[in-house]
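The values are calculated or read from the model by the stated rules, or taken from the named source; none is laboratory data. Just so you know, these numbers come straight off a predicted model, no measurement behind them. Neighbour counts are summed over all protein chains in view; Cβ atoms, including those assigned to glycine, are modelled from backbone coordinates with ideal geometry. Note: areas computed on protein heavy atoms with side chains; ligands, DNA, RNA excluded. Shrake-Rupley method; radii C 1.70, N 1.55, O 1.52, S 1.80 Å.
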Amino acid sequence: MRLLFFIFIPLLLMAKEANVEQLFSVQTVKVKSETAVQSKENYGYVKADDARVHSVVPRFSGYVQKIYADTMYKYVKKGEALVTVYSPEVYKAKEDYLNSYNYTQDKKNRGMLKSAKLKLELLGIQAQEIEAIIKRQKVSQETTIYAPISGYVFKKNISEGSAFNTKSELFEIVNLDELWVEMKVFQEQLSWFKKVNSFEVSAKGIKGSFEATSPLLYPKVDEKEATLTLRLSLQNRGAELFPGMYVTIRSQSAKETHLTLPQSAVIRKAGKLYVFLTTEFKGEYEPKEIVARIEGEQYIIESGLEEGDEVANNAMFMMDSDAQINGLY
């Protein structure tokens, strides 16, 4: 059904025909196809990557002789000496290995030697220290524990002269070359993150941004906040980020093409959206129901219109009381 608008011009205004025509002309706009990238901002915190946190726990008991990683947050490289200790258990195993080596020199069966060496390896003794026993033909009372990874000493639980056992954590070393970023996500945001193409992380006081990848949604809801946690991974370029930092996460969708109209061309009535579509007859407009959603200052048309369709640009102006009464829209 079509809605016809007649404009009655008072005789008083006929002398000013140009102005009157301009006053009552209805501006129109065409449905356009636009390609755009959508983005949103969230906030989160930097965390250490669990896979890059290493506890230094010896497989033997003993006593601390000398500490090289002697301060908290000291940076150590993989293979660097952390501490020298004395362990009666290790000392005896070293002696057994040297005696086995000397005993089996002229024997074909060297199973005893292999067992003695395996015991040292299972105790976590480094290969260079085992080789030094044979080379020097002497057993050292001291054993050195080395850094298993490069990173910062986040925990130091010993002092010189202290004792430890096989369950003691001597150090915790954290590698910060790669980090995690965790952010809270509301349930209604899940559909957005399913189509996100890239993430950029930025922090105050740090120039530029960091590209984040490998999004992982934790399968657990915070009941108090009704949120889930989304985790991202990033390369810590220049070692500028540290655990605990507050960051901004900008998520961006892939390029999408949509049909669009300005908000002024769409009107809501009884929970539905309408536009006034031009017809082949000048001055005649037809109410048309559409399905659309608001994005910024425009409507994204999901159905009901095609590219190039022309509608009235001011839908509110086109509202006619008789048409409402007659149930046209």
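Looking at 259, 230, just one residue is at pLDDT 95 or above and assigned to a strand (DSSP E or B), and that residue is 230. Taking first residues from the range 108-132 that are of a type outside the set (A, V, I, L, M) and partners that are loosely packed, with under 11 Cβ neighbours inside 10 Å and part of a loop (DSSP other than H, G, I, E, B), no Cβ contact under 9 Å between residues at least 6 apart in sequence or on separate chains turns up.
Residues that are touching a Ser or Thr at 6+ places or on another chain (Cβ under 9 Å) and free of Cβ contacts under 8 Å to residues at least 60 places away in the same chain are absent from the range 173-182.
Name the single residue that is surrounded by the fewest Cβ atoms within 10 Å (Cβ to Cβ) among those in the range 207-216 being in contact with a strand residue (DSSP E or B) (Cβ under 9 Å, 6 or more places away or on another chain) and in a loop (DSSP other than H, G, I, E, B). Working first, answer last.
Here is the first cut: in the range 207-216, the residues in contact with a strand residue (DSSP E or B) (Cβ under 9 Å, 6 or more places away or on another chain) are 208-216.
Narrowing further to those that are in a loop (DSSP other than H, G, I, E, B): 208-209.
Details: 208: 10, 209: 17.
In this case the residue turns out to be 208.
Do we find a residue being closer than 30 Å to residue 243 by Cβ and either open to solvent by less than 20 Å² (accessible area, probe 1.4 Å) or charged (D, E, K, R) (or both) anywhere in the range 140-149? For the range 140-149, residues closer than 30 Å to residue 243 by Cβ and either open to solvent by less than 20 Å² (accessible area, probe 1.4 Å) or charged (D, E, K, R) (or both): present.
Within the range 193-203, the set of residues being part of a strand (DSSP E or B) and more than 12 Å from residue 39 (Cα to Cα) comprises 201, 202. Would you pick out the residues in the range 49-98 that are in a strand (DSSP E or B), open to solvent by 20 Å² or more (accessible area, probe 1.4 Å) and not β-branched (Val, Ile, Thr)? Once the filter is applied, which keeps residues that are in a strand (DSSP E or B), open to solvent by 20 Å² or more (accessible area, probe 1.4 Å) and not β-branched (Val, Ile, Thr), the range 49-98 yields 54, 55, 63, 65, 66, 75, 81, 86.
Considering (1) in contact with a helix residue (DSSP H, G or I) (Cβ under 9 Å, 6 or more places away or on another chain); (2) surrounded by fewer than 14 Cβ atoms within 10 Å (Cβ to Cβ); (3) not in a helix (DSSP H, G or I), the lone condition that residue 115 does not fulfil carries the number (3).
This table checks each residue for (1) part of a helix (DSSP H, G or I); (2) surrounded by 12 or more Cβ atoms within 10 Å (Cβ to Cβ); (3) not charged (D, E, K, R).
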position: 176; (1), (2), (3): no, yes, yes
position: 180; (1), (2), (3): no, yes, yes
position: 184; (1), (2), (3): no, yes, no
position: 191; (1), (2), (3): yes, no, yes
position: 205; (1), (2), (3): no, no, yes
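Taking (1) more than 25 Å from residue 48 (Cα to Cα); (2) open to solvent by 40 Å² or more (accessible area, probe 1.4 Å) in turn, residue 237 satisfies each apart from (1). Among the candidates 249, 145, the residue that is under 30 Å from residue 91 (Cα atoms) and assigned to a strand (DSSP E or B) is uniquely 145.
Table: residues versus (1) surrounded by fewer than 15 Cβ atoms within 10 Å (Cβ to Cβ); (2) among the charged types (D, E, K, R); (3) under 30 Å from the mean Cα position of the chain (by Cα).
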site	(1), (2), (3)
283	yes, no, no
290	no, no, no
296	yes, no, yes
308	yes, no, no
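Taking the range 99-110, which residues are among the charged types (D, E, K, R) and either open to solvent by less than 70 Å² (accessible area, probe 1.4 Å) or under 55 Å from the mean Cα position of the chain (by Cα) (or both)? Spell out the reasoning first.
If we filter the range 99-110 for residues that are among the charged types (D, E, K, R), which is where we start, we get 106-108, 110.
Matches in the range 99-110: 110 only.
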